[in-house]
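Have a look at the structure below, then the notes.
The values are calculated or read from the model by the stated rules, or taken from the named source; none is laboratory data. Keep in mind the model is a prediction, meaning the values are calculated, not measured. Note: ideal-geometry Cβ built from the backbone for every residue, glycine included; neighbour counts use all protein chains shown.
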Amino acid sequence: MSLLREVKPRNARTARIVKAREPQLLEDRKRVLLLHGSKCPEPIRNVLKTITTLTKPHAVQLTKKNENIHPFEDASSLEFLALKNDCALVAFATHSKKRPNNISLLRVFDGKMLDMVELLLITGQEEVKDGGRLEIGVEMKPMIVFAGSQWDDNSASEQATLFRQLKSTFLDVFQGEEISSIDVAGLQYVLMVAAGETPSTSTTDTNDPANKPVIHLRWYKVRTVRSNTPKVPRVELDQIGPSFDFRMGRYKLADEGLMREAMKHGRRPNEARTKKNIETDIMGDKLGRIHLGRQDLKELQTRKMKGLKRGRNEIDGENVEMNGNGIHEDDDVLILSEDDEGGVMVDGDEEGSDGGSSEGGTGDEIDIADESDEEADTMPKRQRVA
């Protein structure tokens with residue numbers, strides 16, 4: 001039993017606010033809170049302005065200086081401001097001698113910090129290439145391209161985990177509202193996030209930002225021109241807005257239990273119901289698994305084979321008549337002359353002969369001594385016993 005007292009809303013307005021903050025089946029667009037510390041130079045101020053332009057009207061920008069805020073030491077101040085402004089994403093810009101031009105991106109879940117990553121801007125004011133203003137329509141969906149092998153690394157290494165977290169954070173900030181369809185005319189710009197290769201000296205100290213790949217952020221305007229194929233236009237990209245280059249600094253990964261709780265969601269309205277033991281393979285065929293009880297193999301129907309049939313001697317009521325010598329009436333016997341050595345062949349067994357047929361004979365084989373070809377012509381012939 002929880003010892004915390006449940007606070008109930010006192011009026012209708014508070015009740016609506018509390019209900020809006022509850023988990024929803026279809027979540028709205030995540031709001032972004034942008035603020036800066038006591039020092040905010042022009043380079044990182046341009047970063048905040050660019051994020052504000054691309055996330056309007058879901059961006060909340062605070063212009064007042066916030067002193068004594070250190071996210072990696074104590075994130076309670078940012079959690080309070082995020083909860084007050086109903087924001088799930090926070091971009092905090094600060095500048096110091098030890099960490100110049102620093103941007104911290106936080107994700108908040110249930111009023112608590114989920115994960116956090118630090119980006120160090122390495123492009124100075126004189127090196128920022130201003131490609132003009134970002135003339136982007138409100139709530140336009142961007143096309144996001146992640147270039148680099150680090151984004152597709154699914155291993156369990158520390159760097160691969162960090163890049164997966166950073167990719168998820170960028171998608172939450174820039175991808176916009178989740179929709180099922182979009183008009184082609186609404187695709188106005190492209191966001192490219194490129195990651196450079198890891199320096200060869202990264203084996204010395206992986207925590208040093210100088211030994212981590214450089215992350216490039218570029219924005220491009222989509223322009224379609226006439227092409228030779230009438231149905232497929234030719235698409236060209238024109239770079240717009242400022243260009244930013246970052247290096248990753250400190251970071252905090254999300255707790256596994258908290259991340260699992262944040263990823264939970266109910267069944268969506270257009271989501272098909274999942275049936276147990278039914279799946280679809282890559283070819284589109286539906287496969288099902290059926291669980292049967294214990295089977296009785298004695299009643300199992302087997303294939304009828306000729307070799308499994310009963311013999312004549314096993315048939316009930318069958319009487320086999322034999323003569324006095326123990327020979328069946330229908331057996332074939334071989335009668336030899338008196339000059340020849342040997343007896344009568346019965347069922348492959350020779351009676352009264354020293355050199356009979358070998359074991360396992362079929363009854364039609366005759367063992368003949370080594371003689372000349374002339375004596376072989378006087379071999380006896382097979383006769384039928386009446």
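Remarks
- Selection status of Asp238, closer than 30 Å to Ala160 by Cβ and over 29 Å from the mean Cα position of the chain (by Cα): no
- For the residues Thr229, Thr206, the requirement of being at pLDDT below 80, of a type in the set (Ser, Thr, Tyr) and either within 30 Å of Lys112 (Cα to Cα) or assigned to a loop (DSSP other than H, G, I, E, B) (or both) singles out Thr206.
- Being of a type outside the set (Asp, Glu) and surrounded by 15 or more Cβ atoms within 10 Å (Cβ to Cβ) is true of Ala195.
- Which listed residue, of Ala12, Ala20, is farther than 25 Å from Gln61 by Cβ, aliphatic (A, V, I, L, M) and either at pLDDT 85 or above or surrounded by 10 or more Cβ atoms within 10 Å (Cβ to Cβ) (or both): Ala12
- When the criteria are applied in full, Val108 fails the requirement of being surrounded by 11 or more Cβ atoms within 10 Å (Cβ to Cβ), β-branched (Val, Ile, Thr), modelled with pLDDT under 85 and farther than 24 Å from Trp219 by Cα.
- Residue tally, condition more than 16 Å from Leu162 (Cα to Cα) and of a type in the set (S, T, N, Q), over the range 205-235: 4
- Answer residue from the range 47-78, given it is assigned to a helix (DSSP H, G or I) and not polar (S, T, N, Q) and is surrounded by the fewest Cβ atoms within 10 Å (Cβ to Cβ) among those: Lys49
- Among the residues of the range 17-46, those that are hydrophobic (A, V, I, L, M, F, W, C), out of contact with any Leu (no Cβ under 9 Å at 6 or more places or on another chain) and part of a loop (DSSP other than H, G, I, E, B) comprise Leu25, Leu26.
- Residues satisfying the criterion are absent from the range 235-251 (criterion: closer than 30 Å to Asn211 by Cα, in contact (Cβ under 8 Å) with a residue 24 or more places away in the chain and part of a helix (DSSP H, G or I)).
- Scanning the range 259-290 for residues that are small (Gly, Ala, Ser) and assigned to a loop (DSSP other than H, G, I, E, B), we see that the one that is modelled with the highest pLDDT is Gly284.
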